[in-house]
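The values are calculated or read from the model by the stated rules, or taken from the named source; none is laboratory data. Since the model is a prediction, treat every value here as computed from it, not as a measurement. Counting neighbours? That spans all protein chains shown, and the Cβs are built from the backbone with ideal geometry, glycine included.
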2 protein chains.
Amino acid sequence: MSLSFAKRLDNVETSAIRELFKLLGKPGIISFAGGFPDSAMFDVAGIRQAVDTALSDEPGGALQYGATEGYQPLREQLAGFMQSKGVQGLAGDGLMVTTGSQQALDLLGKTLLEPGSTAIVEGPTFLATIQCFRLYGADLVSAPIDDAGVQVDRLEQLIVQHRPRLVYLIPTFGNPSGAMLSLERRKRVLELAVKHQTLIVEDDPYGDLYFDAPPPPSLLALSHQVPGSRDWLVHCGSLSKVLSPGLRIGWMVAPPALLAKAVMCKQFSDAHTSTFAQATAARYLAAGLMPATLATVRATYGRRALAMGQALRQELGAAVEFVQPQGGLFVWARLTGAGGKLRDAGELAQRAIEQGVAFVPGAPFYCADPDRSTFRLSFATAGEDLIREGVARLGRSLA
Amino acid sequence: MSLSFAKRLDNVETSAIRELFKLLGKPGIISFAGGFPDSAMFDVAGIRQAVDTALSDEPGGALQYGATEGYQPLREQLAGFMQSKGVQGLAGDGLMVTTGSQQALDLLGKTLLEPGSTAIVEGPTFLATIQCFRLYGADLVSAPIDDAGVQVDRLEQLIVQHRPRLVYLIPTFGNPSGAMLSLERRKRVLELAVKHQTLIVEDDPYGDLYFDAPPPPSLLALSHQVPGSRDWLVHCGSLSKVLSPGLRIGWMVAPPALLAKAVMCKQFSDAHTSTFAQATAARYLAAGLMPATLATVRATYGRRALAMGQALRQELGAAVEFVQPQGGLFVWARLTGAGGKLRDAGELAQRAIEQGVAFVPGAPFYCADPDRSTFRLSFATAGEDLIREGVARLGRSLA
């Protein structure tokens, strides 16, 4: 006899990506596979100063149990950070701190999703969102996107058809798509939320990572232009891509009734997010260190994105199509089959490993009807020379 | 129209204790209500040194994404810590790091519990366990305890009757009961696990907090004496009560198949526990700072427990009965009604607040059939003079 597990576990499987990641240990591999920032970008000195201040100022606050909603000075700093990006009417009490934005997804699943309920996500979308929501028993429906983000007419049809508990979007520098929801579509999404009384979840871990011009305002920042939309809007933010994933600091802005339920669920999930990390992040933000950190990160990733785009055009030519990213961490590309070349990105990934370069094929990012010609390349963690060498290897894999 | 929440939320309610905690802000209140360690005990200098070392030695390890299973140097330190307490055959790979031991409970719920499944818990037990398991839809069954812990004959009957997915026990300095499962019963619990192929969860946040003699070995340490029992045993540990709750470092030892499922679920819960906190804890343990910290904490809490016991006997006399604690954070007491005095601890709690002392009535700690004469007093956070003054106020509340 053996252990009986809950049936919800049958809804997920160990991801294909995880299997691929096991191959990354192979010596000499250049990896474009990760979804993480470059460790070399971390402001270690600033973080050291912040934790030192936190432990000096209020050691009890940094080391004792804390409120489930979050460490109040951090909530206020995060509200201020959001205000600086155009969000109106948000105080510290309007958000909760989460253990990375992954936990915000988990709490949304726990509060809103169950067997028989539906969630609409973009096709493609963040893989861990698909798995997280499926663990709560939800049916997932895929809304098609193009370079301007989710196709709003189609989204409206799907909302009417499926009456979802929530619609999950990454409007800015989408993962994996890199797509940017246009300003016009952002307003229409908010109007849809009100019209159909449907909850929209805006996941925004990448919005600060723009290279030149800032992206359109977030749905949250735009919500005051669409009366009633704030009642149907959740916004998830994160310090992981811009400061440090290891702190596990995310946050969630939500309508009060939902926020209260999510806090109750968090109480029984992990009681609260590490106050040690929260107090450190609060002192980091309070010290005014973020603008300089963001400037460095944007400049570095901008150069790398440019190098990757140029190399792809040079080495792979018409065999691949992609939109040059204006921010985020990823190039999302499609094998065209031009010149009779490979169209299956899964097969390309296998060949590429043999050539010494790794990336993630696109299929697992779709909850339905995967486009197997797609793949995702991260330009975040390799320097420009390595990027050029890696893309050259990719070119050889396709030859 | 308003948001539709998942039905699982109907299984829990905001706790009575939480409502009581709101009253604690009243000026001059002496609180015996908390379940937390004294902030004055935190080894701030040692933790500062540990985080400093972590950021110097391997800043990427402390600030980057990490493995869901945990930061490997911490897993190895924790395995060593468990070995030092008599656990055999445990390597770093045999445990996962969790975001506080609360998350271990959540992951057990997620992997094992669902509507229609049953979990057996002690009556009384940790309140957040009851709520956490109910959120996953499980039916809870209460196993009676006495001063020597869970009554094993009764437990066996309940196992046979309910075929539970798991049996949750706090064998050492139980919360709230303070009860200590005897060595003989520990062995019988392990034998029951094998005989009935039933998973036993040993939650052990307090085992290191003994005052004089160490408690009997943990179920995990004893498991090598009962062949096959390790296959049916989960052990949850925590640094929260002995080092710092704010780090949110817990861990779970479990059979490999269950550990793998829990790791998969954790991937979609919070990706991993803060590497910043994990690397700090790893360096703290590696620096050999824990034995001195434990010695200080044990001596301090031991003095406070003694002061509280003496004051209770002096101020409340025959109106209250309790076993003098030999460790942990709590006195668990029962109103006897002697001399025609109050027997309802909920009413006493209300009166006590007016007298300027707070504690938690026992009823919410029972998943069924609450004993309303019980209450829990924490001796951890007040000094001896305050303890005496608080207990005197308690005496006046009962008069």
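Some points to look at:
- Filter result for A:Pro361 (crowded, with 23+ Cβ neighbours inside 10 Å and out of contact with any Ser or Thr (no Cβ under 6 Å at 6 or more places or on another chain)): yes
- Among residues of the range A:51-77 that are within 11 Å of chain B (Cβ to nearest Cβ), those with a beta-carbon under 6 Å from a residue that is assigned to a loop (DSSP other than H, G, I, E, B) and crowded, with 20+ Cβ neighbours inside 10 Å at least six positions away or on a different chain give the pairs A:Leu63/B:Phe42; A:Leu63/B:Ser244; A:Gly66/A:His272; A:Thr68/A:His272.
- Evaluating B:Ala338 against the criteria (1) touching a strand residue (DSSP E or B) at 6+ places or on another chain (Cβ under 7 Å); (2) surrounded by fewer than 23 Cβ atoms within 10 Å (Cβ to Cβ) leaves one unmet condition, (1).
- None of B:Leu209, B:Leu190, B:Leu140 is of a type in the set (A, V, I, L, M, F, W, C), under 29 Å from B:Gln83 (Cβ atoms) and in contact (Cβ under 8 Å) with a residue 60 or more places away in the chain except B:Leu209.
Residues are listed down the side, and each one gets a yes or a no for (1) at the interface with chain B (Cβ under 9 Å from one of its Cβ atoms); (2) acidic (Asp, Glu):
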{"site": "A:Gly94", "(1), (2)": "no, no"}
{"site": "A:Gly100", "(1), (2)": "yes, no"}
{"site": "A:Leu108", "(1), (2)": "no, no"}
{"site": "A:Gly123", "(1), (2)": "no, no"}
{"site": "A:Phe126", "(1), (2)": "no, no"}
{"site": "A:Ile130", "(1), (2)": "no, no"}
{"site": "A:Ala143", "(1), (2)": "no, no"}
{"site": "A:Asp146", "(1), (2)": "no, yes"}
{"site": "A:Gly149", "(1), (2)": "no, no"}
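- Scanning the range A:109-123 for residues that are among the basic types (Lys, Arg) and surrounded by fewer than 24 Cβ atoms within 10 Å (Cβ to Cβ) turns up nothing.
Residue-by-condition table, conditions (1) modelled with pLDDT under 95; (2) touching a Phe, Trp or Tyr at 6+ places or on another chain (Cβ under 7 Å); (3) over 16 Å from B:Arg248 (Cβ atoms):
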residue: B:Leu24; (1), (2), (3): yes, no, yes
residue: B:Ile30; (1), (2), (3): no, no, yes
residue: B:Pro37; (1), (2), (3): no, no, no
residue: B:Asp43; (1), (2), (3): no, no, yes
residue: B:Gln49; (1), (2), (3): no, no, yes
residue: B:Ala54; (1), (2), (3): no, no, no
residue: B:Thr68; (1), (2), (3): no, no, no
residue: B:Leu78; (1), (2), (3): no, yes, no
residue: B:Gly86; (1), (2), (3): no, no, yes
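- Lone qualifier among A:Leu220, A:Leu192, A:Leu209 - being touching a Pro at 6+ places or on another chain (Cβ under 9 Å) and more than 14 Å from chain B (Cβ to nearest Cβ): A:Leu209
- Members of the range B:144-169 found to be out of contact with any Ser or Thr (no Cβ under 9 Å at 6 or more places or on another chain), within 26 Å of B:Arg334 (Cα to Cα) and among the aliphatic types (A, V, I, L, M), listed by number: B:Val150, B:Val152, B:Leu155
- Residue, farthest from B:Pro256 (Cα to Cα), within the range B:78-95, restricted to residues that are assigned to a loop (DSSP other than H, G, I, E, B) and without any contact (Cβ under 8 Å) to a residue 40 or more places away in the chain: B:Ser84
- The set of residues from the range A:73-99 being surrounded by fewer than 21 Cβ atoms within 10 Å (Cβ to Cβ) and of a type in the set (Ser, Thr, Tyr) comprises just one member, A:Ser84.
- Checking the range B:111-119 against the condition returns no match, with no residue being within 14 Å of chain A (Cβ to nearest Cβ), within 25 Å of B:Phe330 (Cα to Cα), hydroxyl-bearing (Ser, Thr, Tyr) and touching a strand residue (DSSP E or B) at 6+ places or on another chain (Cβ under 7 Å).
- Checked across the range A:41-52, the condition of being assigned to a helix (DSSP H, G or I) and within 30 Å of A:Gly395 (Cα to Cα) holds for at least one residue.
- Those residues of the range B:250-292 which are farther than 17 Å from B:Asp57 by Cβ, more than 8 Å from chain A (Cβ to nearest Cβ) and surrounded by fewer than 19 Cβ atoms within 10 Å (Cβ to Cβ), in sequence order: B:Pro256, B:Ala260, B:Pro291, B:Ala292
- Scanning the range B:199-256 for residues that are among the hydroxyl-bearing types (Ser, Thr, Tyr) and within 21 Å of B:Gln102 (Cβ to Cβ) yields B:Tyr206, B:Ser218, B:Ser238, B:Ser240, B:Ser244.
- Number of the exception - A:Val87 against (1) within 12 Å of another protein chain (Cβ to nearest Cβ); (2) closer than 16 Å to A:Cys236 by Cα: (1)
- Residue check for A:Ala262: in a helix (DSSP H, G or I), closer than 23 Å to A:Tyr65 by Cα and within 20 Å of the chain's Cα centre (by Cα): yes
- Residue match in the range B:46-69 (condition: in contact with a strand residue (DSSP E or B) (Cβ under 6 Å, 6 or more places away or on another chain) and closer than 20 Å to B:Val263 by Cβ): yes
- Residues of the range B:36-50 classified as more than 20 Å from B:Phe276 (Cα to Cα) and either over 23 Å from the mean Cα position of the chain (by Cα) or at the interface with chain A (Cβ under 7 Å from one of its Cβ atoms) (or both), total: 2
- When the criteria are applied in full, A:Ser177 fails the requirement of being touching a residue at least 60 places away in the same chain (Cβ under 8 Å), assigned by TED's automatic domain parsing to the domain that holds A:Arg154 and farther than 30 Å from A:Ala40 by Cα.
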